Amino acid sequence: MFREFTVRAAIAAAAIAVSGAGLLAPAPATAADTNWKMHIVWVPARPEAQAYQRFADEVTERAGDALDIQLFGSGSLGVKDADMLRILPRGNIIQAAGLYPGYLSRDKPQYAATLPAGTVSEPEKLQAILPELRTIYEDTYDEAGIKLLGFVGHAVRDTHIMCKEPVSSLEELRTKKLRVWEQFHVDVFEKLGVSAQIIGQNDLYVAMQTGVVDCAVYPIGLAVTVSLQEVAPYASYLFPYVLHPLNLIAAQSAFDALSPETQKIVMDTATEVEATSFASYLSGENDTKAMEIFEKDGGELLEPFPEADRQEFAKVARAIWEEVSAANGDIALANFKTLSDATD
């Protein structure tokens with residue numbers, strides 16, 4: 001993050017996590033017939049990490065001596081998500097992983113434009129299009145030798161504009177310097193007359209503190225885990241946090257080596273974790289918990305951006321989505337048409 005976690009940030013992160021935070025430290029190896037190592041980049045306090053931990057724990061308990069899954073959080077195994085299509089199929093370094101598929105865009109450029117944040121108007125639509133997304137991802141995973149076990153819902157459902165001073169309209173935002181996390185939003189905000197630049201999460205706190213930027217596109221639900229409210233205490237809702245769902249994947253060779261009974265345990269557990277995590281995402285429970293921390297620390301939730309501004313943002317975002325998809329080739333454009341039709 002912006003620095004070593006302060007005590008406040010650690011407390012905040014733990015507060016929005018589901019029960020069992022801090023359980024991602026791998027347990028000693030067991031005498032199971034098969035042992036899997038599972039990689040994720042998220043730190044233990046993140047709700048996403050807790051969903052993956054539940055999967056590993058439940059499979060291990062239900063499979064008995066047949067399979068033990070040890071989850072390694074924070075990227076502690078040294079695996080890079082961008083290399084997943086090259087590493088996971090081998091099944092020798094890791095056998096399973098949690099992944100945000102947007103990280104695969106180096107090897108599969110179409111994922112840079114599959115489902116950009118801000119292009120879908122309602123969080124509920126993300127769950128509705130999971131069948132279409134499964135087909136899109138499986139085309140890649142089947143070719144690579146990876147099994148898509150299921151999906152994990154995001155931790156939060158709302159995205160805000162967080163600023164040093166009160167800002168709650170595009171007109172006001174046009175006078176500010178804005179941080180975004182990807183090129184897609186640089187392009188969208190440029191069309192809207194807003195100056196935006198990409199700044200990594202680890203550098204954001206200092207960039208806001210020193211005036212490099214005045215505002216940031218960031219969900220309050222995640223912002224409190226890095227104490228962003230200390231330097232950006234004003235927030236206004238702009239669009240829902242709808243983008244690639246998180247994937248739960250395994251090496252096909254490792255999955256095929258399991259007995260049919262154990263395979264069923266793995267798939268049934270993945271289905272249950274998907275349902276539970278999406279229910280949490282759609283309920284906004286983590287947003288609510290984070291909002292309590294945000295306001296307790298002096299943060300102020302402003303009125304949302306006007307409906308006209310939100311509609312204008314969504315219209316421009318979908319136009320840029322189509323342009324970027326066309327620029328990334330036939331597969332990306334076909335994916336755009338499929339998902340655009342499904343989310344209209």
Scan of segment 254-295 for residues that are hydroxyl-bearing (Ser, Thr, Tyr) and either part of a helix (DSSP H, G or I) or touching a helix residue (DSSP H, G or I) at 6+ places or on another chain (Cβ under 6 Å) (or both), ordered by number:
Thr262, Thr269, Thr271, Thr276, Ser277, Ser280, Tyr281, Ser283, Thr288
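State all residues of segment 301-322 that are among the charged types (D, E, K, R) and touching a residue at least 60 places away in the same chain (Cβ under 8 Å); if no residue qualifies, say none.
Listed by number, the residues that qualify are Glu303, Asp309, Arg310, Glu312, Arg318.
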Sole exception among (1) surrounded by fewer than 19 Cβ atoms within 10 Å (Cβ to Cβ); (2) in contact (Cβ under 8 Å) with a residue 60 or more places away in the chain; (3) over 14 Å from Trp36 (Cβ atoms); (4) not small (Gly, Ala, Ser) for Pro123, by number:
(1)
Identity of the residue in segment 56-85, assigned to a loop (DSSP other than H, G, I, E, B) and buried (at least 19 other Cβ atoms within 10 Å of the Cβ), that ends up nearest to the chain's Cα centre (by Cα)
Gly73
Residue satisfying condition, being more than 26 Å from Thr34 (Cβ to Cβ) and either assigned by TED's automatic domain parsing to the domain that holds Val59 or over 17 Å from the mean Cα position of the chain (by Cα) (or both), within set Ser227, Ser277, Ser259:
Ser227
Let me spell it out: the conditions are (1) surrounded by fewer than 19 Cβ atoms within 10 Å (Cβ to Cβ); (2) out of contact with any strand residue (DSSP E or B) (no Cβ under 7 Å at 6 or more places or on another chain); (3) touching a residue at least 40 places away in the same chain (Cβ under 8 Å), and Asn328 meets all of them except one. Which number is the exception?
(1)
Tally the residues that are surrounded by fewer than 15 Cβ atoms within 10 Å (Cβ to Cβ) and either at pLDDT below 95 or not in a helix (DSSP H, G or I) (or both), restricting the search to segment 302-318.
2
Filter result for the condition that a residue is more than 18 Å from Ser168 (Cβ to Cβ), touching a strand residue (DSSP E or B) at 6+ places or on another chain (Cβ under 9 Å) and at pLDDT 95 or above, over Ala207, Ala235
Ala207
Condition set of a type in the set (Val, Ile, Thr) and crowded, with 16+ Cβ neighbours inside 10 Å, scope segment 130-152, selection nearest to the chain's Cα centre (by Cα): answer is Val152
Scanning segment 33-55 for residues that are among the hydrophobic types (A, V, I, L, M, F, W, C) and either under 18 Å from the mean Cα position of the chain (by Cα) or surrounded by fewer than 21 Cβ atoms within 10 Å (Cβ to Cβ) (or both) gives Met38, Ile40, Val41, Trp42, Val43, Ala45, Ala49, Ala51, Phe55
Quick one: what pairs do we get from segment 267-284, first residue at pLDDT 95 or above, second among the hydroxyl-bearing types (Ser, Thr, Tyr), C-beta under 8 Å, 6+ apart or different chains?
Val273/Tyr52
For segment 17-33, state whether one or more residues are at pLDDT 85 or above and under 19 Å from Tyr141 (Cα atoms).
no
Give me the residue from segment 251-281 that is touching a strand residue (DSSP E or B) at 6+ places or on another chain (Cβ under 6 Å) and over 16 Å from Arg54 (Cα atoms) and, out of that set, surrounded by the most Cβ atoms within 10 Å (Cβ to Cβ).
Phe255
Count - residues of segment 217-246 that are touching a Leu at 6+ places or on another chain (Cβ under 8 Å) and in a loop (DSSP other than H, G, I, E, B)
4
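The values are calculated or read from the model by the stated rules, or taken from the named source; none is laboratory data. Keep in mind that this is a model prediction, so the values were computed, not measured. Here Cβ is always computed from backbone atoms with ideal geometry, including for glycine, and neighbour counts include all displayed protein chains.
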